[in-house]
Amino acid sequence: MPSPNHGERKHGRRPDMIVLHYTGMSDAEAALELLTARGSEVSAHYFVFDDGRVIQLVQESRRAWHAGKALWAGESDINSCSIGIEIANPGHDHGYPNFPERQIAAVTALCRTIQNRNTIPPARVVAHSDVAPARKQDPGEKFPWRELYESGIGHWVEPAALVDFGQALRPGDHGDAVAALQKSLGDYGYGVEPSGEYDAMTREVVAAFQRHFRPERIDGIADPSTRSTLQELLATRGRTGTIVARARAATLIAP
């Protein structure tokens with residue numbers, strides 16, 4: 001179902017990133033109509049219904065208009081370097097139900113085929129909330145990132161356990177510890193500068209990180225669990241051998 005809302009990828013970029021969204025509308029058909037309406041100025045490359053049906057809206061070679069104002073790993077034109085997947089789910093404003101298993105199976109299979117056609121580093125399979133933390137929450141804390149990782153999609157580590165002791169960094173704090181946190185988040189890809197001030201943007205970025213990688217508690221406070229999980233992600237980001245092995249194993253056992 002082609003959408004008219006697309007353009008040229010700038011500077012001849014090939015996609016090396018996948019951005020996952022939820023539709024955030026109570027009706028999936030209405031969301032699909034919006035994404036394919038001339039003049040709406042929004043689109044995505046793919047749309048995944050809750051029953052697992054997948055519809056392509058924009059060719060992968062084209063620049064779909066899905067990320068908006070966004071930033072990842074120093075890049076601000078996320079649309080030119082990414083493939084966007086809209087997942088039918090009404091989102092936080094409409095009850096935010098769980099993602100059905102058939103839908104997640106379809107998203108997983110779709111991401112595999114995208115990876116087969118493009119070079120997508122694991123840490124560049126991200127949430128819309130990762131690249132636009134001040135504006136977006138999707139696909140949200142109910143999205144099963146671990147399940148995708150176990151099928152060879154994206155990057156994941158077991159979140160560090162929540163504890164009631166240890167230093168927590170929070171809004172209003174300042175100093176070297178805050179700057180080190182900001183630098184680590186920036187090193188992973190998030191759009192935050194190491195100012196040393198735990199400002200509103202830092203809180204939004206920490207909440208986005210928690211929503212993706214430590215969803216048990218999302219409060220924008222960098223507790224020991226959050227910081228330990230972040231450091232483990234940084235330490236394992238380059239270990240592609242394990243990830244490739246997982247992907248191959250998943251392919252072998254896939255139905």
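If a residue must be of a type in the set (A, V, I, L, M), touching a Lys or Arg at 6+ places or on another chain (Cβ under 8 Å) and under 23 Å from HIS21 (Cβ atoms), how many such residues does region 209-239 contain? Break it down stepwise before answering.
The initial filter retains those residues of region 209-239 that are of a type in the set (A, V, I, L, M), namely 218, 221-222, 230, 233-235.
Those still in the list that are touching a Lys or Arg at 6+ places or on another chain (Cβ under 8 Å) too: 218, 221-222.
This time we only want the ones that are under 23 Å from HIS21 (Cβ atoms), so: 218.
Of the residues in that region, 1 qualify.
Quick one: count up the residues across region 24-44 that are part of a loop (DSSP other than H, G, I, E, B) and either out of contact with any Leu (no Cβ under 8 Å at 6 or more places or on another chain) or farther than 11 Å from ILE85 by Cα (or both). Let's see the steps before the verdict.
So the first thing to find is which residues in region 24-44 are part of a loop (DSSP other than H, G, I, E, B), and the list is 24-27, 36-44.
Still in the running and either out of contact with any Leu (no Cβ under 8 Å at 6 or more places or on another chain) or farther than 11 Å from ILE85 by Cα (or both): 24-27, 36-42.
Within region 24-44, residues that are part of a loop (DSSP other than H, G, I, E, B) and either out of contact with any Leu (no Cβ under 8 Å at 6 or more places or on another chain) or farther than 11 Å from ILE85 by Cα (or both) number 11.
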Problem set entry | Tally, over region 175-221, of residues that are free of Cβ contacts under 8 Å to residues at least 40 places away in the same chain, over 19 Å from ALA70 (Cα atoms) and either acidic (Asp, Glu) or in a loop (DSSP other than H, G, I, E, B) (or both) | 7
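Return the residues of region 100-109 that are within 15 Å of the chain's Cα centre (by Cα) and surrounded by fewer than 22 Cβ atoms within 10 Å (Cβ to Cβ); say none if nothing qualifies. Steps first, please.
Kept after step one, since they are within 15 Å of the chain's Cα centre (by Cα), are these residues of region 100-109: 104, 107-108.
Result: ILE104, THR108.
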For this session: Say whether the condition of being open to solvent by 40 Å² or more (accessible area, probe 1.4 Å), over 25 Å from ASP187 (Cα atoms) and charged (D, E, K, R) is met by at least one residue in region 77-96.
Result: yes
Seminar exercise, completed: Across (1) surrounded by fewer than 22 Cβ atoms within 10 Å (Cβ to Cβ); (2) over 13 Å from ARG211 (Cβ atoms); (3) out of contact with any Lys or Arg (no Cβ under 9 Å at 6 or more places or on another chain), LYS142 clears everything bar (2)
Seminar exercise, completed: Within region 35-61, the count of residues that are loosely packed, with under 15 Cβ neighbours inside 10 Å, under 27 Å from GLU75 (Cβ atoms) and touching a Ser or Thr at 6+ places or on another chain (Cβ under 9 Å) comes to 1
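The values are calculated or read from the model by the stated rules, or taken from the named source; none is laboratory data. Because the structure is predicted, anything quoted here is derived from the model rather than measured. Here the Cβ is made from the backbone with ideal geometry for all residues, glycine too, and neighbour counts use every protein chain on show. Keep in mind that these areas ignore ligands, DNA and RNA; they rest on the heavy atoms of the full protein, side chains included. Shrake-Rupley method; radii C 1.70, N 1.55, O 1.52, S 1.80 Å.
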